[in-house]
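Since the structure comes first, as structure tokens, the remarks are kept for the end.
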Amino acid sequence: MPNNNPANQKLPLQGAGGALRLAILGAGESGVGAAYLAQQKGYDVFVSDFGAIADNYKKQLQDWNIRFEEGGHTEAEILSAVEVVKSPGIPDKAPIVKKLIEANIPVISEIEFAGRYTNAKMICITGSNGKTTTASLTYHILKNGGLNVGLAGNIGKSFAYQVATESFDYYVLEISSFMLDNMYKFRADIAVLLNITPDHLDRYDYKLENYAASKFRITHNQTAADHYIYCADDAETLKVMEGKTITAQQLPFSIEKTIETGAYLDKDNIVINIHQQHFQMSITELALQGKHNLYNSMASGIVAKVLELRNETMRESMGNFRNIEHRLEFVAKISGIAFINDSKATNVNSTWYALESMSSPVVLILGGVDKGNDYGMLKELVRQKVKAIVCLGKDNKRIHDAFEDDTEIIVNTGSAAEAAQIAYHLAEKGDTVLLSPACASFDLFKNYEDRGRQFKDAVKEL
């Protein structure tokens, strides 16, 4: 990663009229939210998107009288800024970002920017898999526990917009590695690192250690008064920790061994012990089932106990939680065939977790933009559980090559409707049709949400 730490740089002069110029790259949820907060704080704001801006975001910028452009970047405008807030989706190798770095203009994330303007406690959750579920469950528990809490980051309304318009005492933030890359002075009061598995390696020179280092930025700036919650069963996390000094209080969780201070599995019970506080709950009572969700529930439960929530509130919330859209979401049962939408599974590890939780024969819908996937970890589960693979993507050669010896049927499709229809004909009563693509969605869809919704619409038409 280039050294682009704002703490080490001089800021350019302020713009005409005394207002500091702030440029924002990307006019999606985070960029538009940052623009609103920046305008509220007196900046001269300019928003620039290399692509087209969605109509709803364009209308917001117009309503707020914020200057913007789409379909390209006016470099003179952007390079005259004191600071630039960059959308997490824009890589550092983008030409405009390279020019900003060369010009010594700080490039920061929305999280970094918005964090300056709130004194709320930050509960920050990252990991290759499970972070959206864990963030949603944590928010659900804290809200039910009576805390004045917001949910933001990679989920819901932008953090910056909420800082501008709300007054929360706590934020649960789902934070991606891309957000962490441009985070410098921001501090998590409670940092949760769920796991590290290969993902987005195209952004990290195809090196897992670079991606892992990015994830560990979640612990940057933490003090001895803060908490770091992590999975003691995750080999990559433990490997990185060996070479790191972590100042925060460490609270591990495990389903493989007993943990003295943290969380562990005792037969069929989750047990959490923190600072003389004890919590126990049968795994059969948890709303989220499956091995991977034990980890998510443990992480959320530790956060709740750190914040001293009552056991009754925790038990009730962990028992009645409803999972987010596009994550192992039940769609319908047609002719005895269950349809599950797991479109948010954009990497191999997520698909592994989905398959691991299946108890019936599976017709698996797989494919999209391959981010350097290694399908090897899926092969055994495919052999055990998958009767057919339906490919949903423009280029499916690597899926065919990976699984031709593991399942009898591999079919190519070019739309969600076609994939749902073919999967339906390949399945029998008692089977499950599982959309869990292991790939990004951008070849055929706007994003994973678009893919999931088109799939659900197609199922309803069957």
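The values are calculated or read from the model by the stated rules, or taken from the named source; none is laboratory data. Quick caveat, the model's predicted, so the values are computed rather than measured. Using ideal geometry, Cβ is built from the backbone for each residue, glycine included, and neighbour counts are taken over all protein chains shown. Just so you know, the surface numbers come from the protein's heavy atoms only, side chains and all, with ligands and any DNA or RNA stripped out. Shrake-Rupley method; radii C 1.70, N 1.55, O 1.52, S 1.80 Å.
Of the beta bridges in the chain, as assigned by DSSP with both residues counted there, near 25 percent are antiparallel.
Placing K267, K59, K215, K99 in order of accessible area, with the largest value first and a 1.4 Å probe, yields K267, K59, K99, K215.
Counting only protein chain heavy atoms and rolling a 1.4 Å probe, the accessible areas of T258, T74 rank, largest first, as T258, T74.
Rounded to the nearest 20, the size of the Cβ-charge dipole of the stretch 69-210 about its Cα centre is 420 debye, with Lys and Arg at +1 and Asp and Glu at -1.
Using the beta-carbon distance between Q250 and T284 and R0 = 41 Å, what value does 1/(1 + (r/R0)^6) give for FRET efficiency, to the nearest 0.05?
Details: r = 29 Å, r/R0 = 0.72.
FRET efficiency, Q250 to T284: 0.90.
Tell me, in nm to one decimal, what length is gained between T223 and K460 on full extension, where the rule is 0.36 nm per residue of separation less the Cα-Cα distance?
On the way: separation 237, 0.36 × 237 = 85.32 nm, distance 5.11 nm.
Going from the current span to full extension adds 80.2 nm.
Working from Cα pairs under 8 Å separated by at least six residues, relative contact order for the chain is 11 percent.
Legend: residue pairs K93/K460; K86/K305; K86/K371, Cα-Cα distance threshold 31 Å; pairs beyond threshold, K93/K460; K86/K305.
Note on the chain: with charges restricted to the Cβ of Lys and Arg (+1) and Asp and Glu (-1), its dipole about the Cα centre is near 660 debye. Pick out, from I78, A235, T432, the residue whose Cα sits farthest towards the positive end of the charge dipole of the chain, with +1 on the Cβ of Lys and Arg and -1 on the Cβ of Asp and Glu. So the residue furthest toward the plus end is I78. Each semi-axis of the equivalent ellipsoid for the chain is √(5λ) with λ an eigenvalue of the Cα gyration tensor; in descending order they amount to 36, 29, 20 Å.
So for F321, F168, F159, F442, what's the accessible-area order with a 1.4 Å probe, most first? Don't skip to the answer; put the middle values down first.
Details: F321 20, F168 45, F159 0, F442 145 Å².
Putting F321, F168, F159, F442 in descending order of accessible area: F442, F168, F321, F159.
Kirkwood-type hydrodynamic radius, the stretch 239-343: 15.4 Å, calculated from all non-identical alpha-carbon pairs.
Shape summary: the stretch 317-357 maps onto an equivalent ellipsoid whose semi-axes, from the alpha-carbon gyration tensor, are 18, 17, 10 Å in decreasing order.
Translational diffusion coefficient of the stretch 110-152 at 20 °C, 1.002 mPa s, Stokes-Einstein with Kirkwood Rh over Cα pairs, in µm²/s as a whole number.
Details: Rh = 11.6 Å.
The Stokes-Einstein estimate is 185 µm²/s.
Think of a 1.4 Å ball rolled over the protein heavy atoms: the stretch 288-382 then has 35 Å² of accessible area per residue. Only protein heavy atoms count here; under a 1.4 Å probe, R21 has an accessible surface of about 80 Å².
When the Cα positions of N447, Q280, T118 are compared along the charge dipole of the chain, T118 comes out farthest toward the positive end, with charges on each C-beta of Lys, Arg, Asp and Glu.
To the nearest 20 Debye, how big is the dipole of the stretch 345-422 about its Cα centre, given +1 on the beta carbon of each Lys and Arg and -1 on that of each Asp and Glu? Provide the component values of the computation, followed by the final result.
Numbers: 8 positive and 11 negative charges, 31 e Å.
That gives a dipole near 140 debye.
The distance from the alpha carbon centre of the stretch 321-347 to that of the stretch 91-164 is 26 Å, rounded to a whole number. Per-residue surface analysis assigns K385 an accessible area of about 40 Å², computed on protein heavy atoms at 1.4 Å probe radius. A convex hull fitted around the alpha carbon atoms of the stretch 48-128 yields 150 Å³ per residue.
All distinct Cα pairs of the stretch 310-417 go into the 1/r average, and the inverse of that average, the Kirkwood radius, is 15.3 Å. With kT/(6 pi eta Rh) evaluated at 10 °C and eta = 1.306 mPa s, and Rh the Kirkwood radius from Cα pairs, the stretch 382-438 diffuses with a coefficient of 135 µm²/s according to Stokes-Einstein.
Can you tell me the length gained on complete extension of the stretch E316 to T261, counting 0.36 nm per residue apart and subtracting the Cα distance?
Details: separation 55, 0.36 × 55 = 19.80 nm, distance 2.30 nm.
Gain in length upon complete extension: 17.5 nm.
Taking 28 Å as the limit for the C-alpha separation, the pairs K99/K185; K131/K385; K41/K244; K291/K333; K121/K244 exceed it in the case of K41/K244. log₁₀ I(q)/I(0) of the stretch 68-208 at q = 0.09, 0.17 Å⁻¹, via Debye over equal Cα point scatterers, no solvent, to two decimals? Once normalised to I(0) and log-transformed, intensities are -0.31, -1.00.
Per the Debye formula on identical point scatterers at the alpha carbon atoms of the stretch 211-279, with no solvent, log10 I(q)/I(0) at q = 0.19 Å⁻¹ is -0.80.
PRE reach from Q384 (point 7 Å along Cα→Cβ): which of the stretch 343-364 fall under 15 Å by backbone N? Counting backbone N atoms under 15 Å from the label point, the list is 351-362.
In plain terms, the chain from R116 to E209 could stretch by 30.5 nm, reckoned as 0.36 nm per residue minus the Cα-Cα distance.
How would you classify the stretch 119-190 from its alpha-carbon gyration tensor, with a ≥ b ≥ c the square roots of the eigenvalues: rounded for a/c under 1.5, else prolate if a/b is greater than b/c, otherwise oblate? Mind dumping the intermediate values first?
Working: a/c = 1.68, a/b = 1.18, b/c = 1.42.
It is oblate, given that a/c is not under 1.5 and a/b is not larger than b/c.
Report, to the nearest whole %, how much of the accessible area of the chain belongs to carbon and sulfur atoms, 1.4 Å probe, protein only. Walk me through the intermediate numbers first.
Details: 9040 of 19570 Å².
Carbon and sulfur atoms account for 46 percent of the accessible area of the chain.
Counting every pair of alpha carbons in the stretch 91-133, the share spaced more than 13 Å apart comes to 69 percent. Our Cα-only numbers for the stretch 417-462 put the radius of gyration and Dmax at 11.1, 33 Å.
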